[in-house]
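See below for the structure under consideration.
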Amino acid sequence: MSSSQPPSGKRKSLGFDELIAILVAFGTMGAILFWVTGKNPNQFGVKNWQFPAVFSDSAPAPASRGILMPAAPSSDLPAPAPAKSPAPRATTLIPSLRNNATGVGSLGPILPQNPPVGAIVLVPQTPIVGEASPPAITKPKGAKPKVGAVKFSDIPDNYWALPFIVALVDRQIFTDFTDNKFRPDEPMTRAELARLIERMSDKQPVQKPINFADVKDKNPAASAIDGSVQKGYLKGYPNNEFRPTKDVPRLEVIVALASGLKLKQPGNASKILELYTDRKQVPKWAVDKVAAATEGGIVVNHPKPELLQPNKAATRAEVAAMIYQAMVKNGQVPAKPSQYVIDPVKSSK
């Protein structure tokens, strides 16, 4: 038969074994909670808490001493001024950087595995690797014309005008030669002289071109004739003629160069022409021009310096020598010594 009496209101006190079990259970739960919060404090908003090192992972040791680090906080560098904001977290090494930085010496102490709380750790964004500097690139300077590189089969090495010819050929002022022959003793036409003047002169046009009746647009020398006329070197003949195929006299070469260079006419023109034994062959309209060219060192007489031979057809060698002397007077080329270049000062002594 069951008892009809209600149970007693008194509870039985816990025994010793039960108390021990309860303490062990609470201790275990607390240890688990402490371990979890120490492992990831940001998850529970306890990032400013400090936990023993047994509950946190130690910072991985760097694979090598290749990454450059600043001096440790214990160095003599002045400590940073305290800031009102919370102390920044210590920055650990990035694994990708540690793997790539090799072979570079350290410029400062390597940070310990566990930097002090509040220390500022600077890690370069990219590893510094020593690289050889590329070789310096130097631009080659423009090559100057090399005088003496041309050899002609019809000009001996001791030919009197060889230095002048070679210099002009090297500068591409003379280009009309074939079969390795220069033909130095052949006469030159007015059209050929116009081509040389056009290549030689860097002067700007000073007058309008002349529409010569005997120079057609299809003429290969038409452009050179116009240029030499506009620059003040050459002139035409009566009846609006240029006469491009006519052999040019030495007198016309001398007058053309003196006119184009605008040489100053000396006051003692007649006195200067006394250097030439055939001075009476010089027409009056050309006396001042010939005297100016003589004083300017443009006149070249071969084989006898005292013979001007004004009416003789100028040879290719003679024109080459006087064209070169005109370039010397204009400051384009250096002078070359020659006994056939007329110098009034030396000749008067």
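The values are calculated or read from the model by the stated rules, or taken from the named source; none is laboratory data. Keep in mind the model is a prediction, meaning the values are calculated, not measured. Positions of Cβ are generated from backbone atoms using ideal geometry, with glycine treated the same way; all protein chains shown enter the neighbour counts. We work out accessible area using only protein heavy atoms, side chains counted, and drop any ligands, DNA or RNA first. Shrake-Rupley method; radii C 1.70, N 1.55, O 1.52, S 1.80 Å.
Each peptide in 200-213, 265-278 receives the mean, over its residues, of other Cβ atoms within 10 Å, and ordering these scores from highest gives 265-278, 200-213.
Taking Cα centre as origin and charging only the Cβ of basic (Lys, Arg, +1) and acidic (Asp, Glu, -1) residues, the dipole magnitude of the range 157-254 rounds to 360 debye. When the Cα positions of Ser228, Leu261, Phe174 are compared along the charge dipole of the range 166-283, Leu261 comes out farthest toward the positive end, with charges on each C-beta of Lys, Arg, Asp and Glu. Entry comment: accessible area of the range 243-349 is 48 Å² per residue, from protein heavy atoms only and a probe of 1.4 Å. For the set Lys289/Lys329; Lys208/Lys231; Lys271/Lys336, the pairs lying more than 18 angstrom apart at their alpha carbons are Lys271/Lys336.
What is the sum of charges around Met188, taking Lys and Arg as +1, Asp and Glu as -1, for the other residues whose C-beta is under 9 Å from the C-beta of Met188?
On the way: positive: Arg190, Arg316; negative: Glu186, Glu192, Asp247, Glu318.
So the environment of Met188 carries a net charge of -2.
For Lys216, the shell of other residues with beta-carbons less than 13 Å away shows a net charge of -3, using +1 for Lys and Arg and -1 for Asp and Glu.
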